[in-house]
Amino acid sequence: MHRVVALVRPVQSTFELGCAVEVFGTPRAGVPQRYEFDVCTETPGLVPTTAGYEMAVSRDLSALDTADTVIVPGWLPVEAPLSDTVRTALLKAHARGARLVTICSGVFALARTGLLDGRSATTHPGRAEQLQREFPRVTVQPHRVYVDHGDVATSAGAGAGLELCLHLVRTDQGPAHAALLARHMVLPPYRPAASAPPAAEALDDLLDWAGERLGTPLTVDDLAARVGVSPRTLARRFADQLGTSPSAWLLTRRVTAARLLLEETDLPVEAIAARVGLSSALNLRRRFRDQVGATPGAYRRAYRAAPQPRR
């Protein structure tokens, strides 16, 4: 059972917390219960809410020790500092492998841990400028509904929190279970992060970008950073859309580029290897033989000996 724990604070937004409760913590007839949901706070007791009532929270931060997903459902006021105790608990959960998720203003708490430095994130458009100003090392994308890096995820306004939570269900449990849950909640079918380029379009742009930089030491981490996702998420997109892995695609693209240079130029193998990012003639020969079934030299000779159609 996947354990989800929401970390609340005074004054807690009821709607943001309700998004997490409805998706992860509400039993529904005909929908298998695949999540265990709990709520904790730094100082257990009565926690004021934005709705004017107080809610009793009995669990302290030790609840995060066994969480698979930690949700910060808002952080008001957004200027509120992160105590050393909360920061340590969040970093400890992340280091243990828990996924950290924020809804709307909750991103301000996550940004104060440093885990968003060098990454993209989103929040309510009305707070995007402040988030970027306070955390210049975070790439704020205010038009994204949510941004999921695998280990950390952020959502825009409160309503976007529902979409992010359903996206996480789809990631964890598959599209069929997510669709069943959405139907019971009378919500529209799952969609990718709206207002952002569709995943397929973003992947097309990435392939073009990488193809123009084959001579550089591109890595899978570089590709993932380019589209603002984790390497694991990128691998999932490649598998879904291309039926291969990022590293395998990159190698095939480099070998293909080498084939064109062998056909169209008189460059030596060493120069071709450098141009396509395969570092050495030896590496090119090995990779080329694995994929094409011949050495670069043999391929060039065979190509030029055969009659060629006009291009």
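The values are calculated or read from the model by the stated rules, or taken from the named source; none is laboratory data. Nothing here was measured: the structure is a model prediction, and the numbers come from that model. Every residue, glycine as well, gets a Cβ built from its backbone with ideal geometry; the counts of neighbours run over all protein chains shown.
Note down all Cβ pairs under 9 Å where the first residue falls in the stretch 255-284 and is touching a residue at least 60 places away in the same chain (Cβ under 8 Å), the second is outside any helix (DSSP H, G or I) and of a type in the set (Phe, Trp, Tyr), and they're at least six residues apart or on different chains. Cβ pairs passing all conditions: none. Specify the residue that is farthest from LEU234 (Cα to Cα); the eligible residues are those in the stretch 119-158 that are free of Cβ contacts under 8 Å to residues at least 40 places away in the same chain and small (Gly, Ala, Ser). Restricting to residues being free of Cβ contacts under 8 Å to residues at least 40 places away in the same chain and small (Gly, Ala, Ser), the top hit is GLY126. Whether any residue in the stretch 98-111 is in a loop (DSSP other than H, G, I, E, B), touching a residue at least 24 places away in the same chain (Cβ under 8 Å), in the same structural domain as PHE135 (by TED's automatic domain parsing) and within 19 Å of the chain's Cα centre (by Cα) is what I want to check. Taking every residue of the stretch 98-111 in turn, at least one turns out to be in a loop (DSSP other than H, G, I, E, B), touching a residue at least 24 places away in the same chain (Cβ under 8 Å), in the same structural domain as PHE135 (by TED's automatic domain parsing) and within 19 Å of the chain's Cα centre (by Cα).
Go through GLU163, GLU134 for me and flag whichever is farther than 14 Å from GLY228 by Cα, assigned by TED's automatic domain parsing to the domain that holds LEU17 and touching a Phe, Trp or Tyr at 6+ places or on another chain (Cβ under 7 Å).
GLU163
Picking from residues in the stretch 279-307 that are polar (S, T, N, Q) and in a loop (DSSP other than H, G, I, E, B), the one that is surrounded by the most Cβ atoms within 10 Å (Cβ to Cβ) is THR295.
Going residue by residue through the stretch 65-72, is there one that turns out to be without any contact (Cβ under 8 Å) to a residue 40 or more places away in the chain and not assigned by TED's automatic domain parsing to the domain that holds VAL227? Yes, that holds for at least one residue. Tell me, please, whether a residue that is surrounded by 13 or more Cβ atoms within 10 Å (Cβ to Cβ), outside any helix (DSSP H, G or I) and at pLDDT 85 or above can be found in the stretch 183-201. For the stretch 183-201, residues surrounded by 13 or more Cβ atoms within 10 Å (Cβ to Cβ), outside any helix (DSSP H, G or I) and at pLDDT 85 or above: present. With a requirement of 1 or more residues that are under 28 Å from GLU129 (Cβ atoms) and touching a helix residue (DSSP H, G or I) at 6+ places or on another chain (Cβ under 9 Å), the strands (runs of 3 or more DSSP E) lying completely within the stretch 1-88 that satisfy it span 2-8, 69-73.
Can you tell me which residue within the stretch 160-182, out of those that are free of Cβ contacts under 8 Å to residues at least 12 places away in the same chain and part of a helix (DSSP H, G or I), is farthest from PRO73 (Cα to Cα)? Looking at residues that are free of Cβ contacts under 8 Å to residues at least 12 places away in the same chain and part of a helix (DSSP H, G or I), I get ALA176.
Within the stretch 2-53, the set of residues being closer than 16 Å to ALA93 by Cβ and either of a type in the set (Val, Ile, Thr) or without any contact (Cβ under 8 Å) to a residue 24 or more places away in the chain (or both) comprises VAL4, VAL5, VAL8, VAL39, THR41.
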